[in-house]
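Beneath this line is the structure, given in structure tokens, with notes to follow.
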Amino acid sequence: MDAPTVIRFDMRRDLQAQWRALLVRATTRIDLFDPDFSAFPLGVPDVEATLRAFLRGGGLLRLALHDTTFIERSCPRFLGLARYYNEQIECRQSPRSLRHLSDSLALADGVHVVRRFHCDHMRGEAAFDAPAAVELPAHRFEALWEESRVTLSATVTGL
């Protein structure tokens, strides 16, 4: 493993660049949380290609969010991936009691994290090859995941 790298950012393009860097590094599991994913380019061709390669290699993707509207309206490529790789992608919506959570987390393989401190701002940090930096965000993600319910089903009927 390489020495840990920490990169701070405060602009959308930097957030998206670090998020893409996390996706490229991922090999087995990606866990994502954001209130609505409007700051993340889930619906663009290069991200689709990166996620497709990750999933083709057997990776698992878990996505947790408060509101599905942006993804449903603006990310048909991601929805297509979710339908095709429905055994490897699971999306869950948080309960109303947790809708006050306002940060963003992207975790990969227990060693990489991209965090945005608040959904109203682009300020955050990325840490690569840094298991210690992933520990607390991973614990928070697991707690949110357990409380959330399945959403964005693979078919209209959810079957």
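The values are calculated or read from the model by the stated rules, or taken from the named source; none is laboratory data. Everything quoted here is computed from the prediction, not taken from an experiment. Neighbour counts run over all protein chains shown; Cβ positions are idealised from the backbone, glycine included.
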Look at residue 58 and say whether it is free of Cβ contacts under 8 Å to residues at least 60 places away in the same chain, on the phi > 0 side of the Ramachandran plot and not acidic (Asp, Glu).
-> yes
Return the residue satisfying two criteria in turn: it lies in the range 6-61 and is in contact with a Leu (Cβ under 8 Å, 6 or more places away or on another chain), assigned to a strand (DSSP E or B) and of a type outside the set (Lys, Arg), and of such residues it is farthest from residue 138 (Cα to Cα).
-> 9
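Every residue, every condition in (1) modelled with pLDDT of 95 or more; (2) over 23 Å from residue 55 (Cα atoms); (3) not aliphatic (A, V, I, L, M), yes or no:
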position: 88; (1), (2), (3): yes, no, yes
position: 91; (1), (2), (3): yes, no, yes
position: 98; (1), (2), (3): no, yes, no
position: 103; (1), (2), (3): no, yes, yes
position: 108; (1), (2), (3): yes, no, no
position: 113; (1), (2), (3): yes, no, no
position: 122; (1), (2), (3): no, yes, no
position: 125; (1), (2), (3): yes, yes, yes
Which of the residues that make up the range 9-28 are within 12 Å of the chain's Cα centre (by Cα) and under 21 Å from residue 66 (Cα atoms)?
-> 16, 19
Scan the range 134-156 and give yes if some residue there is without any contact (Cβ under 8 Å) to a residue 60 or more places away in the chain, of a type in the set (Val, Ile, Thr) and part of a loop (DSSP other than H, G, I, E, B), otherwise no.
-> yes
State yes or no: is residue 83 assigned to a helix (DSSP H, G or I), touching a residue at least 12 places away in the same chain (Cβ under 8 Å) and more than 14 Å from the chain's Cα centre (by Cα)?
-> yes
Kindly indicate which of 134, 150 is closer than 17 Å to residue 64 by Cβ, of a type in the set (A, V, I, L, M, F, W, C) and modelled with pLDDT under 95.
-> 150
Taking the range 1-46 and keeping residues without any contact (Cβ under 8 Å) to a residue 60 or more places away in the chain, over 28 Å from residue 95 (Cβ atoms) and crowded, with 16+ Cβ neighbours inside 10 Å leaves 16, 20
Within the range 47-67, residues out of contact with any Pro (no Cβ under 8 Å at 6 or more places or on another chain) and surrounded by 18 or more Cβ atoms within 10 Å (Cβ to Cβ) come out as 48, 51, 54, 55, 59, 61, 62, 63, 64
